């Protein structure tokens, strides 16, 4: 499709699609914290849960990058 391989399309979708989804979840959690008046600690806990997922996603990307650069 348009000169791209299936692997290139999947990599693009995973990298930018999941990244965009994480940013959208950031917006949703911020709005949830604001509307529920969660306070500082409650907002921190909400964002901490999202941060674990983001760190895992970024770590996966970095590990793949280091492994492909080393080979």
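A short reminder: the numbers here are calculations on the coordinates, not readings from a lab. This one's a predicted model, so the numbers in the text were calculated from it and none came from an experiment. Cβ sites come from the backbone with ideal geometry, for glycine too, and all protein chains shown count toward neighbours.
Inside the range 10-44, residues that are loosely packed, with under 13 Cβ neighbours inside 10 Å and either farther than 20 Å from residue 55 by Cβ or in contact with a strand residue (DSSP E or B) (Cβ under 9 Å, 6 or more places away or on another chain) (or both) make up a count of 11. Among residues of the range 1-26 being in contact with a helix residue (DSSP H, G or I) (Cβ under 8 Å, 6 or more places away or on another chain) and in a helix (DSSP H, G or I), the one that is farthest from residue 46 (Cα to Cα) is 15. Taken over the range 27-56, the residue count meeting the criterion of being closer than 18 Å to residue 14 by Cβ and either outside any helix (DSSP H, G or I) or touching a helix residue (DSSP H, G or I) at 6+ places or on another chain (Cβ under 6 Å) (or both) is 1.
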